[in-house]
Amino acid sequence: PLFNLRGEVIGINTAIRAGADGIGFAIPVGSLKDVVDQLKSKGFVERGKLGLQFQQVSQELASAFGLDRPHGALVTDVVAGSAAAAAGIQSGDVIVAIDDQPISQADQLPRHVARHAPGSTIKVHLVRDGNKLTLSAKLDKLESDDEAPKRPAKQPEPASGKMLGIEVRDTPAGSGVMVLSLARPLAELRRGDVIVQANRKAVSDTASLRAIVQAAKAGSTVVLKVRRGDGHRYVGVPLK
């Protein structure tokens, strides 16, 4: 154990840097308290999971999704048949708290969820289309060897166009439009990303994206959902 000057246990030492003076690594005692009951009863720890992917909320996305400030975890994908899907969590939801634990940074979400054992029920507080909702989710078991989803195969694409300062071209079978180049830098958008939604509407080709952009209000933020590799991300693009 790691003690403070009052003799209280504040952590569990796991490693000490050889040759260094007093440099060590410890698990915080708060993390131990989350799992000690499982250790006592079973001798090992099982952690719960929701079954979703998420990203950090930027200032632009916070405004577009009806938040007063950037916080929470923006859901980009929900695994079919998962605890998140059964609870009714959707892509585009912003999870702002788990039970009574607020989420100020997106990376806090998996830690808050993993503190609960599989099969336990948690309250998921989220914002959807500017409205606050609370859903109940019965957690699945977190596996260490989850199979990664397969990467979609690349195929040739024909038509192209420019809008929002982005050059795009169609992808096969109406599966979105691929970003070819950027006239101005956008922090969350890269060449090769595939835009699949704009303002929560499906994008099948360049023409459908252009129609959505033209229908948006001047000065608003167009929210793009893009596919990158095995997952998705949201990007807020100010409409000038």
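With a simple spin-label model that places each label point 7 Å from the Cα along the Cα-to-Cβ direction, the separation between residue 228 and residue 86 comes to 3.2 nm. For the stretch 1-98, the set of trypsin sites (Lys or Arg not before Pro) satisfying both a DSSP loop assignment and a count of at most 16 other C-beta atoms within 10 Å is given as 6, 17.
Of the residues 182, 5, 164, the one with the largest accessible area comes first in the ranking 5, 182, 164, computed with a 1.4 Å probe on protein heavy atoms. Which distance in Å, rounded to a whole number, links the C-alpha centroids of the stretch 7-43 and the stretch 192-233? After rounding, the separation between the Cα centres reads 46 Å.
At 37 °C and 0.692 mPa s, what whole-number value in µm²/s does Stokes-Einstein give for the translational diffusion of the chain, with Rh from the Kirkwood sum over Cα pairs?
On the way: Rh = 20.4 Å.
Value of D from the Cα-based Kirkwood radius: 161 µm²/s.
Looking at the stretch 15-153, the pairs of alpha carbons with a distance over 20 Å make up 53% of the total. On a per residue basis, the chain carries 57 Å² of accessible surface, using protein heavy atoms and a 1.4 Å probe. Just to confirm the filter: which chymotrypsin sites (Phe, Trp or Tyr not before Pro) across the stretch 1-91 are DSSP coil and have at most 15 other Cβ within 10 angstrom of their Cβ? Here the chymotrypsin sites (Phe, Trp or Tyr not before Pro) that fit, given the DSSP loop and packing criteria, are 44. Relative contact order of the chain: 14 percent, from C-alpha pairs under 8 Å at least 6 residues apart in sequence.
Taken about its Cα centre, the stretch 170-240 carries a charge dipole of roughly 240 debye when the Cβ of each Lys and Arg holds +1 and the Cβ of each Asp and Glu holds -1.
The accessible area of residue 60, taken with all protein chains in place and a 1.4 Å probe, comes to roughly 80 Å².
Cross-link partners for residue 132 among the aspartates and glutamates, with Cα-Cα distance under 16 Å and sequence neighbours closer than 8 places in the same chain left out: 68, 93, 99, 100. Summary value for the stretch 26-107: 27 percent relative contact order, contacts being C-alpha pairs under 8 angstrom separated by 6+ residues. Proximity of backbone amide H atoms, modeled 1.01 Å from N, is registered between residue 198 and 203, 225 at under 5 Å, excluding neighbours fewer than 5 places apart on the same chain.
On a per residue basis, the convex hull of the C-alpha atoms belonging to the stretch 14-74 measures out at 198 Å³. For residue 217, a cut-off of 18 angstrom between C-alpha atoms picks up these aspartates and glutamates, skipping any fewer than 8 places away in its own chain: 60, 129. Distances longer than 16 Å among the Cα atoms of the stretch 177-226: what percent of all pairs is that? Across the stretch 177-226, Cα pairs with separations above 16 Å total 40 percent. Rounded to 0.05, the FRET efficiency of the residue 14 and residue 134 pair, given R0 = 41 Å and the Cβ-Cβ distance, is 0.65. With each label modelled as a point 7 angstrom along the Cα→C-beta vector, the residue 6-residue 29 pair spans 0.9 nm.
Among the listed pairs 42/141; 162/225; 201/240; 138/225; 138/201, a Cα-Cα separation exceeding 25 Å is found for 138/225; 138/201.
The values are calculated or read from the model by the stated rules, or taken from the named source; none is laboratory data. All values derive from a computational prediction rather than experimental measurement. Because the Cβ atoms are built from the backbone with ideal geometry, glycine has one as well, and the counts that use them run over all protein chains shown. Heavy atoms of the whole protein, side chains included, go into the accessibility calculation; ligands, DNA and RNA do not. Shrake-Rupley method; radii C 1.70, N 1.55, O 1.52, S 1.80 Å.
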